[in-house]
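To start, the structure under review is shown below, and the notes come after it.
The values are calculated or read from the model by the stated rules, or taken from the named source; none is laboratory data. Remember, predicted model here, so these are calculated numbers, not experimental data. Because the Cβ atoms are built from the backbone with ideal geometry, glycine has one as well, and the counts that use them run over all protein chains shown. Just the protein is used for accessible areas: all its heavy atoms, side chains included, with ligands, DNA and RNA removed. Shrake-Rupley method; radii C 1.70, N 1.55, O 1.52, S 1.80 Å.
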Amino acid sequence: MTHGEALEEIRQAGDPPRKAVEVLHDGFEHYSWVGIYLVDGDELVLGPWQGPDATEHVRVSVGQGVCGAAAASGRTEVVDDVNADPRYLACFPSTRSEIVVPIVHEGAVVGEIDIDSDRPAAFDDDDRAFLERVAQLIAPAVVT
Ligand code: SME
């Protein structure tokens, strides 16, 4: 699937965040686990997700882990080697790299897209730009 096709499918969906999780997981082989966390006060709460396994990290404090860092700064985090990043909260033994993209609506972080890959350094500038577009697209539907 191309990035353009994915964006179009998400744009046309009745529930864009849920569709985004499905399209990203099913359409891109190196996106092993895809989830959306929603900001709830000073915590992130897991919303829709798709992947081989459930994570035990269904609530993460803002500031904790790679997810919490991205929520606190409002900036995308790319971790090429999760085992070398002391912030990393382990979910799956197979994970090698991770990207976390904040979802910003009207200047506030309302959630984030979290993707784990079983490949080392799976996320390049293209992935980042694409996922930031996805985050923009779903932001109005993510407001909590
Ligand atoms: N690895 C994340 C926690 C969430 S799991 O990847 C699903 C982190 O370090 O914040």
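Within region 113-144, take every residue that is away from the ligand (no atom under 16 Å from the Cβ) and under 22 Å from residue 64 (Cβ atoms) and give me the one that is modelled with the highest pLDDT.
135
Would you kindly identify the helices (runs of 4 or more DSSP H) lying entirely within region 1-112 that contain at least 3 residues that are open to solvent by 30 Å² or more (accessible area, probe 1.4 Å) and either in contact with a strand residue (DSSP E or B) (Cβ under 8 Å, 6 or more places away or on another chain) or within 13 Å of the ligand (Cβ to nearest atom) (or both)?
On the way: elements: 3-11, 16-27, 65-73.
Where helices (runs of 4 or more DSSP H) fall fully within region 1-112 and carry at least 3 residues being open to solvent by 30 Å² or more (accessible area, probe 1.4 Å) and either in contact with a strand residue (DSSP E or B) (Cβ under 8 Å, 6 or more places away or on another chain) or within 13 Å of the ligand (Cβ to nearest atom) (or both), they are 16-27.
Go through region 132-144 and give me each residue that's touching a residue at least 60 places away in the same chain (Cβ under 8 Å), touching a strand residue (DSSP E or B) at 6+ places or on another chain (Cβ under 8 Å) and surrounded by 16 or more Cβ atoms within 10 Å (Cβ to Cβ).
Matches in region 132-144: 134, 138, 142.
Of all residues in region 113-131, which are crowded, with 18+ Cβ neighbours inside 10 Å and part of a loop (DSSP other than H, G, I, E, B)?
Across region 113-131, the qualifying residues are 122, 123.
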